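See structure below.
The values are calculated or read from the model by the stated rules, or taken from the named source; none is laboratory data. Keep in mind that what you see is a predicted model, and the values were worked out from it rather than measured. We place every Cβ from the backbone using ideal geometry, glycine too, and count neighbours over all the protein chains shown.
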Amino acid sequence: MTFFSALLAADASKGAHGAAESSGPVADIIKLFGDFGVDGPHLLIQLINFTLLAAVLYRFAIRPALGQMEERNRLIEKGLADAQAATQRLAEAQQASQAKLNAASDEAAKILAAARDSAKAAVEAARAEAQAAQTEVIAKAKAAIEADRVKMLAEVRGEVSRLVVETASKVLAENLDDATRGRLNEAAVKQLAR
């Protein structure tokens with residue numbers, strides 16, 4: 001048993017005897033508290049202990065915790081302000097990017113229109129070039145056809161004149177000499193030329 005416990009036990013026994021001797025409402029209250037184990041010296045020591053504990057807790061626990069809470073509140077307010085500023089900058093960046101996107105879209109539309117015009121011009125030039133080439137091919141084909149026709153006519157005339165001479169020689173049943181054969185050929189060619 002410690003010194004304070006012994007001291008308190010001694011004071012409690014004196015208080016219990018003194019309370020029994022006195023009577024009245026105060027004595028009844030003291031007796032009631034005594035019945036619950038509350039006596040003056042213990043109450044005083046408990047008050048001193050509680051005050052010391054409250055002072056130590058305030059000094060080493062509550063004040064630092066309050067400081068940390070104030071620091072956190074300050075950081076939270078700063079974070080909220082930064083978040084609001086970032087939101088503002090984000091909105092501005094989105095507006096700027098939308099403006100750039102619109103400008104790029106307009107530029108792309110202009111480039112596309114220019115490309116279409118250029119393609120139309122190229123198609124027209126190619127079409128004109130193709131028509132010129134087609135006209136040239138047609139002209140060459142006509143010339144080739146005409147040359148073939150003239151050649152074929154010459155061959156046909158020669159063949160017809162040969163056939164006429166052979167037919168005439170068979171009809172006349174005689175052999176023609178070269179001079180007669182030449183006259184008949186010329187006469188046949190003149191007939192065919194008409």
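Observations, loosely collected:
- Unique match (being among the hydrophobic types (A, V, I, L, M, F, W, C), surrounded by 10 or more Cβ atoms within 10 Å (Cβ to Cβ) and at pLDDT 90 or above) among 125, 168, 188, 154: 125
- The requirement of being of a type in the set (Gly, Ala, Ser) and at positive phi is fulfilled nowhere in region 146-159; no residue meets it.
- Only listed residue being exposed (fewer than 11 other Cβ atoms within 10 Å of the Cβ) and either modelled with pLDDT under 80 or touching a Pro at 6+ places or on another chain (Cβ under 7 Å) (or both), chosen from 36, 3: 3
- Per this entry, residue 162 is counted among residues that are closer than 18 Å to residue 187 by Cα and in the same structural domain as residue 185 (by TED's automatic domain parsing).
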